[in-house]
Amino acid sequence: MSQPETMRLLVIEDSTALREALVNGLRNVGFTVDAAADGTEGWEKASEANHDAIILDRMLPGLDGLEILRRLRLAGSQVPVLLLTARDTVADRVAGLDAGADDYLVKPFAVAELLARVRALGRRGNHRAEPVATIADLEVDTINRTVRRSGRRIELTPREYQVLSLLLERPGAVLTRLEIHAQIAPHEPAASSNVVDVLIGRLRRKLHPPGATPLIHTRRGFGYQLIHE
């Protein structure tokens, strides 16, 4: 099987014994493996390097595994992520998947199962979307975080880009105001905040110049939708 030799993995795990066992085991079967011992180092390596898959512990010092996941997805990264956790409740699994995990493995686990899941993630990653996403004449380069409409460059603030990325992840789907708020301002009370409304308004002014077809639509009573009608 030739797949492992082509894959570069990142293991983010604070347990020295488990991290070393994973790194050694993965390297022994042909993977190229980077490793990080805490969330801060893990985020730096995940955001700076081009990995084919990430094995990520949920509970980490420095920066929580779910926060690393959220940051990756908001940045437009589609790298497959296998989340490791000692918790095995439905709520925990849902939280991990909602944050952007592709798969979930509960500790303790068999190394053979981890290898099988990593290979599955690799096959999935080979079919990831192109780095430039398009809707009508809107082009979003998720690698360089640049946005163009009809070839014209549009400058967005980081938060404006975050909102656009969230809508772009699920084109045609309706995202509620609370869903967007939870991702861009998790520490602000949603009930007393108008940050989502302000950012949607700014995006519309920038993405919908005079004469252009609107792409961001309000579905009253539901939320916001990115679609070309």
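The values are calculated or read from the model by the stated rules, or taken from the named source; none is laboratory data. Note that this is a predicted model, so its numbers are computed, not measured. Counting neighbours? That spans all protein chains shown, and the Cβs are built from the backbone with ideal geometry, glycine included.
Overview of values
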quantity: Where a residue in the stretch 12-24 is within 16 Å of Leu114 (Cα to Cα) and its partner, wherever it lies, is among the charged types (D, E, K, R) and assigned to a loop (DSSP other than H, G, I, E, B), with Cβ under 7 Å and at least six apart; calculated: Arg19/Glu13; Leu22/Glu13
quantity: Filter result for the condition that a residue is outside any strand (DSSP E or B), among the β-branched types (Val, Ile, Thr) and in contact with a strand residue (DSSP E or B) (Cβ under 9 Å, 6 or more places away or on another chain), over Val140, Val147, Val94, Val163; calculated: Val163
quantity: Count of residues meeting criterion [without any contact (Cβ under 8 Å) to a residue 60 or more places away in the chain, surrounded by 12 or more Cβ atoms within 10 Å (Cβ to Cβ) and in a helix (DSSP H, G or I)] in the stretch 202-229; calculated: 4
quantity: Flag for Ala53 being without any contact (Cβ under 8 Å) to a residue 60 or more places away in the chain and either surrounded by 15 or more Cβ atoms within 10 Å (Cβ to Cβ) or among the aromatic types (Phe, Trp, Tyr) (or both); calculated: no
quantity: Out of Asp88, Asp103, Asp57, sole residue that is over 21 Å from Thr142 (Cα atoms), of a type in the set (D, E, K, R) and out of contact with any Leu (no Cβ under 6 Å at 6 or more places or on another chain); calculated: Asp88
quantity: Residue in the stretch 116-130 that is at pLDDT below 90, of a type in the set (Val, Ile, Thr), assigned by TED's automatic domain parsing to the domain that holds Gly30 and part of a helix (DSSP H, G or I) present; calculated: yes
quantity: Options Thr32, Thr40: the member that is farther than 23 Å from Arg123 by Cβ, of a type in the set (Ser, Thr, Tyr) and assigned by TED's automatic domain parsing to the domain that holds Ala99; calculated: Thr40
quantity: Residues located in the stretch 49-60, provided they are more than 13 Å from Leu9 (Cα to Cα) and not basic (Lys, Arg); calculated: Asp57, Met59, Leu60
quantity: Scan of the stretch 1-44 for residues that are surrounded by fewer than 17 Cβ atoms within 10 Å (Cβ to Cβ), modelled with pLDDT of 90 or more and closer than 21 Å to Asp103 by Cα, ordered by number; calculated: Ser15, Leu18, Ala21, Asp34, Asp38
quantity: Residues of the stretch 166-200 satisfying the condition of being part of a helix (DSSP H, G or I), free of Cβ contacts under 8 Å to residues at least 12 places away in the same chain and of a type outside the set (Val, Ile, Thr); calculated: Ala182, Ala191, Ser192
